[in-house]
Amino acid sequence: MSRRSSPEPETGAPLGRAGPGANRSRPSPAWIAARRTWAVALALATALAAAACARRADSPRTHRVLIHGFAFDPAQVAVAAGDTVEWVNQDIVPHTATATNRAWDTGSIGPDSSARVVIEPGGIGPYACSFHPQMKAALVRR
């Protein structure tokens, strides 16, 4: 058995002398295809997530206004057309929520009852209780 002082690769070039990257092999076509597939999948997932977030920001919302102590709480609600506003009467007397421009009206809301209105484009603005005109509030554009 003979011993070599420095091992040589099968190509005959001494180890460490073939230059930078000599011991690296090229990625296989299957590896390249898999990497491209993952990159496309990641890009698609990112795009879908961004679209879902954008839709969520524009999607209709539901807002709750409490009626207690002869007042609307909160007195100002930021809404968009298509949003739903629910008024919950916690007083011992009936109330209404009626748009000043008459675009919508909840009708009479009895004690411990509620009413909902889907806000149309012309329905954003001030409103009041038709039974108690001193009760005023507003829907503002979000």
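The values are calculated or read from the model by the stated rules, or taken from the named source; none is laboratory data. These figures come from a predicted structure and were not determined experimentally. Ideal geometry is used to build each Cβ from the backbone, glycine not excepted, and the neighbour counts take in all protein chains shown. Accessible surface areas use protein heavy atoms only, side chains included; no ligands, DNA or RNA. Shrake-Rupley method; radii C 1.70, N 1.55, O 1.52, S 1.80 Å.
For the range 110-142, the candidate set comprises residues that are more than 16 Å from V65 (Cα to Cα) and more than 32 Å from the chain's Cα centre (by Cα); within that set, the residue that is most open to solvent (accessible area, probe 1.4 Å) is Q134. Counting only strands (runs of 3 or more DSSP E) that sit completely within the range 85-142, those holding 1 or more residues that are under 17 Å from T62 (Cα atoms) correspond to 113-118, 136-141. Screening Q90 against (1) open to solvent by less than 80 Å² (accessible area, probe 1.4 Å); (2) at pLDDT 95 or above leaves a single unmet condition, (1). Scanning the range 100-111 for residues that are touching a strand residue (DSSP E or B) at 6+ places or on another chain (Cβ under 7 Å) and without any contact (Cβ under 8 Å) to a residue 40 or more places away in the chain turns up T100, W104, D105, T106, G107, G110, P111.
Considering every residue within the range 13-20, establish whether at least one is farther than 30 Å from R142 by Cα and modelled with pLDDT of 75 or more. For the range 13-20, residues farther than 30 Å from R142 by Cα and modelled with pLDDT of 75 or more: absent. Can you name every residue in the range 72-101 that is farther than 13 Å from A128 by Cβ and among the aliphatic types (A, V, I, L, M)? Hits for the range 72-101 are V77, A78, V79, A80, A81, V85, V88, I92, V93. Selection of the range 75-84 for residues being among the polar types (S, T, N, Q) and either farther than 23 Å from P60 by Cβ or part of a loop (DSSP other than H, G, I, E, B) (or both) yields an empty set. Restrict the check to the range 54-66 and report whether at least one residue is open to solvent by 70 Å² or more (accessible area, probe 1.4 Å), part of a loop (DSSP other than H, G, I, E, B) and not β-branched (V, I, T). Yes, the range 54-66 contains a residue that is open to solvent by 70 Å² or more (accessible area, probe 1.4 Å), part of a loop (DSSP other than H, G, I, E, B) and not β-branched (V, I, T).
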